[in-house]
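Where a number appears in this text, it was derived from the coordinates with a stated rule and is not lab data. Everything numeric in this text was worked out from a predicted model, so none of it was measured. Methodologically, a virtual Cβ is constructed for each residue, glycine included, from the backbone with ideal geometry; neighbour enumeration extends over all protein chains shown.
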Amino acid sequence: MKHALLVCCLCGLAAQQAGAQVYTGVSAQGSIVLSGDADETASTLLIEAEKVALAPLPEAPAAAPFLAQVPAGYLSYIQEASATYQIPSELIHAVILVESNYNPRAMSPKGAQGLMQLMPATAKRFGNTNSWDPRQNILAGSKYLRWLLDYFGEDLELTIAAYNAGEGAVMQAGRRIPKFAETEKYVPKVLSIYNKARRLT
């Protein structure tokens with residue numbers, strides 16, 4: 001009886017592991033043999049289990065293609081700023097690309113510094129003590145973008161225009177894009193990169 005119980009247990013286990021037939025027989029030494037394949041020793045089909053199809057592994061979510069355009073060293077800072085200030089990472093990316101093309105040492109003739117080209121007064125206003133530090137620069141520039149979005153009621157065009165020309169210039173233009181040649185080129189360029197990045201997300 002004990003042998004029969006042992007055989008049943010072993011058969012069940014073998015069937016679960018193999019997911020197919022289990023053959024049995026007796027060896028020349030008198031031992032019970034269990035096998036997943038039929039051979040001279042184990043030739044009697046003892047149990048036939050249904051093969052279980054394994055479910056395919058879920059595919060890992062693909063990274064947003066536009067992120068491939070972001071140098072690896074700055075990606076975590078952009079994601080941090082996006083989460084902290086609740087603004088699209090694509091917008092931060094677009095501004096950096098137009099402002100400095102990801103050159104952390106960029107300086108404009110007017111004195112704007114770093115990746116997001118912050119004027120010293122703006123950098124100080126939004127908590128940046130070192131504009132040459134990429135993380136500080138991205139966080140401060142993104143904080144400024146968040147402030148502008150709030151100030152202009154989430155109007156993206158006015159926000160981008162104000163980032164380039166200053167919020168005062170936008171207000172003086174009657175809450176419109178100022179008639180500055182640089183700003184009139186800047187706004188569609190940033191929007192174009194932003195929209196392309198959004199389509200790739």
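Tell me which residues, restricted to the range 64-100, are closer than 19 Å to residue 148 by Cβ, among the polar types (S, T, N, Q) and in a helix (DSSP H, G or I).
Result: 82, 84, 89.
State the number of residues belonging to the range 142-178 that are surrounded by fewer than 16 Cβ atoms within 10 Å (Cβ to Cβ) and either assigned to a helix (DSSP H, G or I) or of a type outside the set (Asp, Glu) (or both).
10
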